Structure formats: C-alpha cells, structure tokens
Amino acid sequence: MIECRQLVKTYQSGDQMTPVLKNVSFTIKTGEFVAIMGPSGSGKSTLMHILGALDTPTTGTYVLDGQDVSAMSDEELASLRKKRIGFVFQAFNLLPRASVLRNVALPLVYAEMEKSSRETAAHKALRAVGLDESRWNHLSNQLSGGQMQRVAIARALVNDPAIILADEPTGNLDTKTGEVVLKTFEDLNASGRTIILITHERAVAEHAHRIIQLRDGAIISDAAVVTPRSRI
C-alpha cells in the first residue's frame, strides 16, 4: 500500500538549510497497524504531513496504492486527501455547535453527496466506532473527550479511506479514556483497516503491531511488537 524510498525533507530560511528527514525508507502493507514514534524534533510530524499528502518531500519517493504522491500537484494532493486518507487529530477539530451526525457527514457535504446517502454513510461510520445511537443528535460540545474522539474517528472513516492517519489521538485524554479510543483503532484494524498512529509515547505505540522509531530525522528501529498491549 505505502512505499517510502529515501525521503528527505529540508527547510530553508534565507541561507540556512535545516534537514528534518534524512533518507527515510519503509513500506506499510494493507491492513497493518503501525505506530510512528519519536520525541519532539524527531521528524515524525513532518513525516505525518508527507504521508497525509499535506506536504511533499524535498527528494525521495512516496507511493500510495501505486500512485507517486511525491510528484503530485497541490490540486491532486487535495483530491487524494479527500478520497484516500482519513485524519484523526489530538484536538478533535469538531464543529462545537453541530450535531454528531453533521460533524461525521461533513466531508460528504464537500464531496456533494446527496443527503440520504450522507446520512447512511455517517450512521455506518458511527456504528463502526461504537458510539451509542442516543448520542448521535447531541451537539459535539455536549460529549465527553472520549466520545468526541470517537466522532472524529467516525468522520475519518466516512469516506472509506485507504488509510487512517491518527496524530497523537489520545494526547488530550486521560489514560482510561485513551485506552478506549485505542481499542477503537484496534477493532478497526481487526476489520481490515490500515492504521498509522503518530505518537511520542511508548505505551501508546505498543497498541500497534509494529513500531517505526525516529530520532533526529532518521529511522533508528523498525520492528514488530511481540505482544501488542491489546493482547496483554
């Protein structure tokens, strides 16, 4: 599904060149649950932006489902994000005065899907993340943090994307609620979804089946998790 070859990302400010990613190479197969882990400044956020088609590498190649993303125009990148990538963020990014259903269906409004099909897709996504139907007509600001993150995950699912890219999805949650959210990702992965989880926490990363660890812009390890926390 994903192949990254010799990714380099360098930012320029005047005459100053700052390397952020240094020859990063890896593959991710369809249906994998992979964590990309590293401390602040390791390059994981920059790598996430490239994987999410929010940015392109300075040099190197990023191929998603046979398409060379690194060579795409801004318009092509926007289309790819809309159709093939589901994003889940630490801050939820929900509309506070819109209902749960409207928040989940919003990407389909932009895709100009007709209303009944939008509602059907939103219902399916909300069931997939296990949010109780009694909450669907609540405003998003009437929900707990864990419930809001489940809504955000459902919104990421609604377009049936190739990958779910989750950036520190438990960062604003207490430990118990975070475990519930991570269980949601585990269940989605068990149903065949490809999940890429960005985190700086080892305990969170160990819910994945494989951890790619970055330091100073380079991969320092890429290894399977022998016993994911979901199985402990």
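Things to note:
- Top-ranked residue in the stretch 193-224 [being touching a helix residue (DSSP H, G or I) at 6+ places or on another chain (Cβ under 8 Å) and among the hydrophobic types (A, V, I, L, M, F, W, C); ranked as farthest from P169 (Cα to Cα)]: L214
For (1) among the aromatic types (F, W, Y); (2) farther than 15 Å from T194 by Cβ, each residue gets a yes or a no:
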site: G38; (1), (2): no, yes
site: M48; (1), (2): no, no
site: G52; (1), (2): no, no
site: P57; (1), (2): no, yes
site: L77; (1), (2): no, yes
site: F92; (1), (2): yes, yes
site: R97; (1), (2): no, yes
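- For first residues located in the stretch 26-54 and at positive phi and basic (K, R), partners that are crowded, with 18+ Cβ neighbours inside 10 Å and modelled with pLDDT under 95 and lie 6+ apart or on another chain with Cβ distances below 8 Å do not occur.
- In the stretch 100-142, the residue that is nearest to the chain's Cα centre (by Cα) out of those that are touching a residue at least 24 places away in the same chain (Cβ under 8 Å) and in a loop (DSSP other than H, G, I, E, B) is V129.
- Filtered residues of the stretch 1-47 (kept if surrounded by 15 or more Cβ atoms within 10 Å (Cβ to Cβ), assigned to a loop (DSSP other than H, G, I, E, B) and not charged (D, E, K, R)): M1, G38, S42, G43
- Test: residue in the stretch 154-168 that is of a type outside the set (G, A, S) and surrounded by fewer than 18 Cβ atoms within 10 Å (Cβ to Cβ): yes
A quick yes/no check of all residues on (1) out of contact with any His (no Cβ under 6 Å at 6 or more places or on another chain); (2) of a type in the set (S, T, Y); (3) more than 30 Å from N137 (Cβ to Cβ):
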site	(1), (2), (3)
A35	yes, no, yes
G52	yes, no, yes
P57	yes, no, yes
L64	yes, no, yes
F92	yes, no, no
S99	yes, yes, no
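- Candidate set from the stretch 80-99 (those that are within 19 Å of I163 (Cα to Cα) and assigned to a strand (DSSP E or B)); member that is modelled with the lowest pLDDT: F89
- Within the stretch 38-62, restricting attention to residues that are farther than 18 Å from R215 by Cβ and hydroxyl-bearing (S, T, Y), the residue that is modelled with the lowest pLDDT is T56.
- For I195, the criteria (1) crowded, with 23+ Cβ neighbours inside 10 Å; (2) over 20 Å from V151 (Cβ atoms) hold in every case but one, which is (2).
- At least 1 residues being free of Cβ contacts under 8 Å to residues at least 40 places away in the same chain is the threshold, and among the strands (runs of 3 or more DSSP E) wholly inside the stretch 152-232 those reaching it are 218-224.
- Top-ranked residue in the stretch 77-99 [being over 21 Å from Q67 (Cβ atoms) and polar (S, T, N, Q); ranked as nearest to the chain's Cα centre (by Cα)]: Q90
- Residue that is over 23 Å from I219 (Cβ atoms) and among the small types (G, A, S), where the choices are A91, A53: A91
The values are calculated or read from the model by the stated rules, or taken from the named source; none is laboratory data. Keep in mind that this is a model prediction, so the values were computed, not measured. Using ideal geometry, Cβ is built from the backbone for each residue, glycine included, and neighbour counts are taken over all protein chains shown.
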